[in-house]
Amino acid sequence: AHVMEKILYRKSFRMKNLQRTWQESPEGSKMLTFRKSLPAYREKERLLSAIAHNQVIVISGETGCGKTTQLPQYVLESEIESGRGAFCNIICTQPRRISAMSVAERVSTERGENIGESVGYKVRLEGMRGKDTHLLFCTSGILLRKLLGDRNLNGVTHVFVDEIHERGMNEDFLLIVLKDLLSRRKDLRLILMSATLNAELFSNYFGDAPTIHIPGFTYPVRTHFLEDILESTGYKLTSSNQLDDYGQDKLWKTQRQLMPRKRKNQITSLVEDALKNSSFECYGSRTRDSLANWNPDCIGFNLIEAVLCHICRKERPGAVLVFMTGWDDISCLRDQLKAHPLLGDPNRVSLLTCHGSMATSEQKLIFERPPPNVRKIVLATNMAEASITINDIVFVVDCGKAKETTYDALNNTPCLLPSWISKASARQRRGRAGRVQPGECYHLYPRCVYEAFNEYQLPELLRTPLNSLCLQIKSLQLDSIGKFLCAALQPPEPLAVQNAVDFLKMIGALDENENLTNLGKYLSMLPVDPKLGKMLIMGAVFRCLDPILTVVSGLSVRDPFLLPQDKKDLAGTAKSRFSAKDYSDHMALVRAYEGWKDAEREGSAYEYCWRNFLSAQTLQAIHTLRKQFGYILKDANLVDLDARTCNSLSHNQSLVRAIICSGLFPGIASVVHRESSMSFKTMDDGQVLLYANSVNAKYQTIPYPWLVFGEKVKMNTVFIRDSTGVSDSIVMLFGGALGKGEMVGHLKMLDGYIDLFMDPSLAECFVQLKEELDKLIQK
Ligand code: ADP
Ligand code: MG
């Protein structure tokens with residue numbers, strides 16, 4: 001121990017020298033000057049002393065004031081300065097992988113180092129850190145995983161949990177675990193950071209921990225709501241009074257007392273009514289339709305286009321930030337704008353996108369200033385709301401929505417839907433416009449809708465299925481799931497917890513007594529949704545890994561099949577070419593991916609994607625994720641190194657279908673043929689429709705009694721996005737419903753009946769491989 005200490009002191013001394021050398025160099029001191037100009041700098045001493053004297057502190061401050069890049073760095077620097085650099089281990093969590101990576105990159109630059117030296121990052125399946133890394137940026141999920149292996153976080157000295165105002169599920173979960181840990185680790189420091197001011201909530205949760213606010217300066221931002229915008233883009237609102245009255249109406253006040261989820265739906269229909277009843281007089285032409293059909297459920301692309309045109313033609317210079325809900329509508333809008341004579345002209349407009357899966361080269365462009373006389377327009381998800389700061393933004397266009405998973409515990413259906421943001425988010429979005437000079441913010445919804453927004457967004461813990469979370473709680477060997485979650489900042493409904501536990505029992509991850517099964521242990525090691533994790537394990541055990549890797553990666557990334565608005569038919573035809581009558585979107589994905597690999601080898605990948613309406617970027621992302629899943633399975637000893645053995649049955653179509661079913665169950669709908677029409681019913685008797693781009697939507701009849709599906713999307717009605725036809729025998733054997741306990745249980749039970757209802761080739765591999773599966777589950 002003594003020797004170890006000596007080494008660490010020597011290392012600390014080296015770190016101190018390095019830091020001084022950099023700070024005294026010309027670039028280093030220039031960087032230091034910039035850093036000293038940030039609002040956080042003025043609070044530096046106060047912050048460091050608060051951290052030294054309290055176990056927990058809560059810090060809030062305007063986005064861009066230097067919380068993320070500066071505060072953990074101050075701690076690192078002061079430890080290094082005091083000659084204890086090698087003794088500290090600082091972890092700072094981010095809700096998104098891309099921010100963890102870009103912040104680590106930025107802080108390394110500020111310290112004149114390469115990433116992976118004293119500053120590193122770790123995100124799911126990826127990381128850059130070395131033996132000298134003492135400040136690690138990671139996603140909150142990664143820290144949870146770390147806690148799984150080491151419940152005391154030995155060696156860690158400071159934990160920063162960033163962006164807590166977002167109330168992500170992992171953050172809420174982390175806070176429960178950390179709160180418990182603090183009593184055991186008196187020396188551990190916890191610093192919570194948040195952009196908006198609901199600091200009291202967190203401070204109370206940690207026994208009135210001290211709060212520090214970093215005052216920031218922002219320029220005033222002029223706010224325009226829909227009614228104002230309509231005027232300036234060529235519309236005249238003849239019944240604006242009516243909208244205002246609506247906003248004042250008592251109805252809104254009663255709405256506030258309803259359940260938040262219900263309230264949202266009702267707001268939607270109230271706005272719909274309000275707009276239907278009000279008549280708009282139109283002076284433009286193209287935008288008329290979008291307005292007449294102004295549907296609060298959709299994002300009006302034409303309206304956005306009109307606002308952007310207005311800014312480019314009439315307004316002063318300055319970059320524009322457009323808040324959209326997700327990659328889908330960002331890419332659709334981008335295509336639409338590219339075709340516009342003004343907005344699509346690269347000499348006048350630099351059109352960029354900012355979202356979770358953008359390429360690094362594009363990331364850099366976002367921060368750069370465009371050439372003179374070119375207007376930068378950035379189409380962004382709500383990532384640009386608080387975790388990424390683009391300095392030259394003067395105009396903000398806010399669609400008022402964010403893609404949010406909502407969860408209906410009563411019907412046990414998760415839906416990923418764009419829904420209205422909160423007042424706090426709207427303020428935050430508006431604030432992005434006033435960083436360098438006075439700005440303008442265009443909210444694409446009426447003021448009355450804004451008035452009815454929730455003050456803050458509902459925490460994710462209360463609006464998502466808890467499947468993964470409950471599995472993690474179990475593998476951390478914490479209390480009973482229900483008891484544990486009661487300790488949350490805002491505990492979820494008991495019914496939501498029960499649904500998750502039932503689900504985990506059904507897929508065989510928990511046994512009757514809610515204990516983790518061996519399958520459950522494996523599933524908790526895989527950083528994917530338990531459903532997909534099960535599919536991976538089954539694919540490995542049943543030796544059809546390649547196609548299953550593609551399916552799982554595709555389901556985790558996004559659909560690579562593009563659906564351009566004006567070429568829907570052509571795109572549909574292109575997709576069905578991949579399905580060769582096997583009634584499966586998942587198989588079509590596998591074929592499309594394999595075709596792309598071949599085309600790449602021949603150097604014709606670009607043409608291939610273009611011809612088949614495929615997104616090369618998505619295929620690339622799937623390719624990367626596939627490889628990473630492969631490594632993880634290898635690490636977990638689920639596959640051996642020989643690619644041939646784990647793929648010896650990949651050609652067996654029924655088997656691949658069965659494995660897809662084993663993962664997606666209970667996502668299953670029965671196919672009901674009646675006369676000339678076909679309908680689909682889910683397990684709970686709900687009617688669902690097929691998404692237009694599904695290969696199965698092309699057929700009059702489907703020769704399978706069941707469709708398993710990966711994603712159910714709730715719009716006006718419930719749609720299933722992607723599906724695969726499966727037979728009765730597959731559902732009976734591989735759809736986890738029969739056995740209540742571990743899946744092996746019911747597989748054994750059915751052993752004797754295999755010949756009766758399985759197709760022979762499937763029966764053969766089932767018998768061959770069941771033994772292997774037994775071994776695995778008993779291990
Ligand atoms: P906060 O976490 O309080 O929102 P940050 O620490 O992320 O603020 O950023 C502080 C400042 O650092 C920003 O206002 C911006 O000027 C600068 N900055 C952050 N990231 C980058 C980057 N990648 N490139 C250039 N400047 C950056
Ligand atoms: Mg930040």
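The values are calculated or read from the model by the stated rules, or taken from the named source; none is laboratory data. A quick note: this is a predicted structure, and the numbers were derived from the prediction, not measured. In this analysis, Cβ positions are derived from the backbone assuming ideal geometry, glycine residues included, and neighbour counts consider all displayed protein chains.
Go through Gly64, Gly127 for me and flag whichever is away from ligand 1 (no atom under 16 Å from the Cβ), small (Gly, Ala, Ser) and either closer than 19 Å to Ile191 by Cβ or without any contact (Cβ under 8 Å) to a residue 40 or more places away in the chain (or both). Of the residues listed, the single one that is away from ligand 1 (no atom under 16 Å from the Cβ), small (Gly, Ala, Ser) and either closer than 19 Å to Ile191 by Cβ or without any contact (Cβ under 8 Å) to a residue 40 or more places away in the chain (or both) is Gly127. In region 417-459, of all residues being in a helix (DSSP H, G or I) and modelled with pLDDT under 85, the one that is surrounded by the most Cβ atoms within 10 Å (Cβ to Cβ) corresponds to Val449. The residue pairs whose first member lies in region 100-113 and is farther than 19 Å from Leu18 by Cβ, whose second member is near ligand 1 (Cβ under 9 Å from one of its atoms) and part of a helix (DSSP H, G or I), and whose beta carbons are closer than 7 Å, counting only pairs six or more residues apart or on different chains, are Ser102/Gln363; Val103/Thr68; Val103/Thr69.
Within region 154-168, the set of residues being among the hydrophobic types (A, V, I, L, M, F, W, C) and either within 16 Å of ligand 1 (Cβ to nearest atom) or closer than 16 Å to Val103 by Cβ (or both) comprises Val159, Phe160, Val161, Ile164.
Of all residues in region 580-590 being in contact with a Lys or Arg (Cβ under 9 Å, 6 or more places away or on another chain) and among the charged types (D, E, K, R), which is farthest from Arg611 (Cα to Cα)? That would be Asp582.
For region 43-96, the set of residues classified as within 12 Å of ligand 2 (Cβ to nearest atom), in a loop (DSSP other than H, G, I, E, B) and either surrounded by fewer than 18 Cβ atoms within 10 Å (Cβ to Cβ) or not acidic (Asp, Glu) (or both) consists of Thr63, Gly64, Cys65, Gly66, Pro95, Arg96, listed by residue number. For region 313-332, a residue qualifies if it is at pLDDT below 90 and either part of a helix (DSSP H, G or I) or surrounded by fewer than 17 Cβ atoms within 10 Å (Cβ to Cβ) (or both), and the qualifying residues are Arg313, Lys314, Glu315, Trp327, Asp328, Asp329, Ile330, Ser331, Cys332. Can you pull out the residues in region 169-194 that are over 19 Å from Ala50 (Cα atoms) and within 16 Å of ligand 1 (Cβ to nearest atom)? Within region 169-194, just Glu171 meets the criteria. Candidates Val713, Val656, Val671: the one that is closer than 23 Å to Val557 by Cβ and in a strand (DSSP E or B) is Val713.
Taking the numbered list (1) farther than 19 Å from Val75 by Cβ; (2) modelled with pLDDT of 95 or more in turn, Val159 passes all entries but (1). When region 102-121 is limited to residues that are of a type in the set (A, V, I, L, M) and surrounded by fewer than 23 Cβ atoms within 10 Å (Cβ to Cβ), the one that is farthest from ligand 2 (Cβ to nearest atom) turns out to be Ile115.
Taken together, the criteria place Ala40 among residues that are within 16 Å of ligand 1 (Cβ to nearest atom), of a type in the set (Gly, Ala, Ser) and part of a helix (DSSP H, G or I).
Of all residues in region 158-186, those that are in a helix (DSSP H, G or I) have Cβ atoms under 6 Å from Cβ atoms of residues that are within 16 Å of ligand 2 (Cβ to nearest atom) and of a type outside the set (A, V, I, L, M), 6 or more apart or on another chain, in Ile164/Glu171; Ile164/Ser194; His165/Ser194; His165/Thr196; Glu166/Pro95; Asn170/Ser140; Glu171/Ser140; Leu174/Ser140. Counting only helices (runs of 4 or more DSSP H) that sit wholly inside region 515-626, those with at least 1 residues that are surrounded by fewer than 19 Cβ atoms within 10 Å (Cβ to Cβ) are 518-525, 545-556, 568-576, 585-601, 605-612.
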